[in-house]
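Trainee: For reference, the structure I am asking about is given below.
The values are calculated or read from the model by the stated rules, or taken from the named source; none is laboratory data. The shown structure was predicted, so the numbers you read here are calculated from the model rather than taken from an experiment. Ideal geometry is used to build each Cβ from the backbone, glycine not excepted, and the neighbour counts take in all protein chains shown.
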Amino acid sequence: MSDADPRPLCPQCGDALPADAPESSCPKCLLRAGFETGGPVPPRDGPTGDAPTPAAMAAHFPDLAISGILGRGGMGVVYRARQPSLDRDVALKVLSPDVTGADGAAFEERFQREARALGRLQHPHIVSVYEFGERDGLYYFLMEHVDGVNLREAMRAGQLTPEQSLAIVPQICDALQYAHDQGVVHRDIKPENVLLTKSGDVKIADFGLAKLVTRTPSDFTLTGKGQLMGTPHYMAPEQIESPGTVDHRADIYSLGVVFYEMLTGELPIGRFAAPSEKSDVSAGIDAVVLRSLEKELDRRYQRVDQMKTAVSSAGTAATAPQEAPRHHPRRYSKLAIWGAIMAPGALVAGLLVAALGLAFAGGGDNEVDGTVAGIAMVAGLLPAVMLLSGVIMSICGWVQIVRSEGRLHGLWLAILGTFLPLLCCVPMASWMTLAGTRVAHDEPELVPFIYPLEDAGEAPQPGPDQPRPAEPPRSGDEGR
Amino acid sequence: MRDADPEPAGGARFATTQWSVVVAAGADSSPAAGRALESLCAAYWYPLYAFARRGGDDVHTAQDRVQAFFATVLEKGYFAAADRDRGRFRTFLITAFRHHGSKERDRERAQKRGGDRKHLSLDFARGEERYRLEPAHDLTPERVFERRWALTLLDQVLGAVRDEFREAGREPLFDALKPYLVGGSPLPSYRNVGDAIGMTDGAVKVAVHRLRRRYRDRLRAEIADTVSDPADVDDELEHLLTSL
């Protein structure tokens, strides 16, 4: 990054050679020569490289003072240049002939269309395109020169703190939302395309350029010139599977990957850990990252500003308890499950109590002592309590599911849990009627004690909950 | 793929072992894995030294730390601390070193190095000399490590290729053809080179082609040695590129 020093330049890429260059050769170009599909020097013939030197490029752009190469990507080469007429630094991106040469006239048309859309994007967090066009068969963009590093370099250099990451993401969101509103999808959000100025501002580069290249899944490898065309790690699944149907939600996915990498230093591949396990962020941030990484489009954030809001609210709350459930997308409502279990549980419990009562009634002919009577009373209450709480839980579950906007399911369980008790009531009530009748018949003097009803001759229609507790002792006591 | 190559006289110059051997051995280090690790450490100690120096250590502290770190690594593999960084020797080294630095710094210095500890013979004097020549830029220690790593790797590879030429008695040819490794526009023509070293231009062309291929294979093999999965070579190459 040191300009204006008298060190020799690499004849291949135009960068200044570092003093400690191995064998006085450009280390970058030496490394590039390691790529299997053609290094910087194509092995075919002649010692010409694939990236024209700044000097060679100057012939095509006499109005610019081109001073060096800023970077090389899958799309082409970016030169550092100065526009003397306007006294400003610019970045000149010249698209590689690999990109432009493939389909001639069709490319020309696509280039004009896309470039015009990019030229319209004016946002503080988007690298501005000043000019674009074609000269001597070279397609180029003249862009704002950003003095800083890209996110990849920043991550590598000093490991971003979670706070810095949480400050960067909303700025990316702003830029993306603006572009999406203009109908432009970036399609290639990755750390290399996120630039950080020296004052810490974010600038997104290469908006929509990916659209200029028609790719097939097999293209996600080295291209002919030893440059990576694109790495699939940041691409939404639908971008790889059906590139034709990509919409703005692909950017949300890619941003999720970048976010995850900023926080953990790793890519979310395979079974990956939640960001909070590897970084000092709240579970709320986990929820945001995971939701943006949803494979299914409909489960992802639908707009970038939703993601931004979620990041800010999760970032401010030390722990975001209400965000946490989103961590598990669409799970069953626990209340509904328990409510549904309670109803049959109450039935079983009721039958057990009844069976015990009958056993006492059938077998014993001695007096029932107070303890047994007490136990029986409690046991008799149990099914009623279960039944009641089951109904309450089911109704609460029902409400919860309806309010969860589709994140919870189990509605059928809640309905079952609410109405099943009614069905349970029928056998229980009839059994109680039976038992009550018997007691009333055998021990008429107890009846007023139990049921505040005077009529002993026929079965009362008691409230379903109260009477049963009393029967087992009574039946046992009466000995039939 | 390495075995067919003549070994350079220096031996340590070109690691004949692979990080995957070390990784595969895990905690129960086999002698082979031990040797593999030792030669990797011997080849790549300088980036760590530069990292420590740039991080503010004085000459002696940096030497002690690097030496103590390698002693620990060679004795107990030091794997538990860096499990998930095992994929690449580079990341393992820097992560484990940082971890080691924070944890054992004081202890190591207090007890000094006992006589029974494993000791790598590292040319610290030369290391310091090199460090003094490091450009006085404002890179962070991590960047210095990454950059130095990439340069060390290239040194190893170019040194090995040069050694091969030297052993075949054709070192001048290597010097003459070297510019073609990188390429660029103002290159001497094959004819001029051929005239200078007494070869036809056709022969020069063939030799350039072979040199490029040889160099690329060596470079890829060297990188393969530092990653556990050979499929990661391109990825690592890309990473190294960004660190320069």
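Trainee: Among the candidates A:Arg110, A:Arg116, which residue alone is farther than 24 Å from A:Cys173 by Cα and surrounded by fewer than 17 Cβ atoms within 10 Å (Cβ to Cβ)?
Mentor: Going through A:Arg110, A:Arg116 in turn, the sole match is A:Arg110.
Trainee: Within the group A:Gly270, A:Gly284, which residue is closer than 20 Å to A:Gln306 by Cβ and either free of Cβ contacts under 8 Å to residues at least 12 places away in the same chain or touching a helix residue (DSSP H, G or I) at 6+ places or on another chain (Cβ under 7 Å) (or both)?
Mentor: After applying the criteria, what remains is A:Gly284.
Trainee: Next up: Residues B:Leu237, B:Leu211: which one is buried (at least 17 other Cβ atoms within 10 Å of the Cβ) and facing chain A (nearest Cβ under 9 Å)?
Mentor: Every option except B:Leu237 fails the conditions.
Trainee: Hey, any hits in region B:221-244 for a residue that's small (Gly, Ala, Ser), closer than 30 Å to B:Leu93 by Cβ and in contact with an Asp or Glu (Cβ under 7 Å, 6 or more places away or on another chain)?
Mentor: Checked region B:221-244: at least one residue is small (Gly, Ala, Ser), closer than 30 Å to B:Leu93 by Cβ and in contact with an Asp or Glu (Cβ under 7 Å, 6 or more places away or on another chain).
Trainee: If you don't mind, there's one more thing I want to ask. List every residue pair whose Cβ atoms sit under 7 Å apart, with the two residues 6 or more apart in sequence or on different chains, where the first one lies in region B:160-181 and is within 20 Å of B:Glu222 (Cβ to Cβ) and the second, anywhere, is of a type in the set (Ser, Thr, Tyr).
Mentor: Qualifying pairs under 7 Å: B:Val161/B:Tyr215; B:Lys178/A:Ser25; B:Leu181/A:Ser25; B:Leu181/B:Tyr215.
Trainee: If the requirement is being at the interface with chain B (Cβ under 9 Å from one of its Cβ atoms) and at pLDDT below 80, which of these qualifies: A:Pro27, A:Pro11, A:Pro6?
Mentor: Residue meeting the stated conditions: A:Pro11.
Trainee: For region A:40-68, name all the residues that are within 45 Å of the chain's Cα centre (by Cα), modelled with pLDDT under 80 and more than 7 Å from chain B (Cβ to nearest Cβ).
Mentor: A:Pro42, A:Asp50, A:Ala51, A:Pro52
Trainee: How many residues does region A:109-153 contain that are within 18 Å of A:Arg82 (Cα to Cα) and of a type in the set (S, T, N, Q)?
Mentor: So the answer is 1.
Trainee: Another question about this same structure. Within region B:219-234, take every residue that is within 19 Å of B:Cys41 (Cα to Cα) and part of a helix (DSSP H, G or I) and give me the one that is nearest to the other protein chains (Cβ to nearest Cβ).
Mentor: B:Leu219
Trainee: What are the residues in region B:124-148 that are at pLDDT below 80, more than 9 Å from chain A (Cβ to nearest Cβ) and either within 16 Å of the chain's Cα centre (by Cα) or not in a helix (DSSP H, G or I) (or both), if any?
Mentor: B:Ala136, B:Asp138, listed by residue number.
Trainee: Would you confirm, using the coordinates I've provided, whether B:Val193 is crowded, with 19+ Cβ neighbours inside 10 Å, in contact with a strand residue (DSSP E or B) (Cβ under 7 Å, 6 or more places away or on another chain) and part of a helix (DSSP H, G or I)?
Mentor: When the stated conditions are applied, B:Val193 does not pass them.
Trainee: Kindly check whether there is at least one residue in region B:171-190 that is within 30 Å of B:Phe97 (Cβ to Cβ) and either more than 9 Å from chain A (Cβ to nearest Cβ) or among the hydroxyl-bearing types (Ser, Thr, Tyr) (or both).
Mentor: Looking for residues that are within 30 Å of B:Phe97 (Cβ to Cβ) and either more than 9 Å from chain A (Cβ to nearest Cβ) or among the hydroxyl-bearing types (Ser, Thr, Tyr) (or both), one finds none in region B:171-190, hence no.
Trainee: Same structure again: Within region B:205-215, does at least one residue satisfy the condition of being β-branched (Val, Ile, Thr), assigned to a helix (DSSP H, G or I) and in contact (Cβ under 8 Å) with a residue 40 or more places away in the chain?
Mentor: Looking for residues that are β-branched (Val, Ile, Thr), assigned to a helix (DSSP H, G or I) and in contact (Cβ under 8 Å) with a residue 40 or more places away in the chain, one finds none in region B:205-215, hence no.
Trainee: Under 6 Å between Cβ atoms, which residue pairs at least 6 apart in sequence (or on different chains) link something in region A:170-192 that is outside the structural domain of A:Val127 (by TED's automatic domain parsing) and within 16 Å of A:Gln239 (Cβ to Cβ) with a partner that is assigned to a helix (DSSP H, G or I) and of a type in the set (Phe, Trp, Tyr)?
Mentor: That search, which allows pairs on different chains as well, returns A:Lys190/A:Tyr234.
Trainee: If I filter region A:130-152 for residues that are without any contact (Cβ under 8 Å) to a residue 24 or more places away in the chain, within 30 Å of A:Ser276 (Cα to Cα) and within 14 Å of chain B (Cβ to nearest Cβ), do I get at least one hit?
Mentor: No; the residues of region A:130-152 include none that is without any contact (Cβ under 8 Å) to a residue 24 or more places away in the chain, within 30 Å of A:Ser276 (Cα to Cα) and within 14 Å of chain B (Cβ to nearest Cβ).
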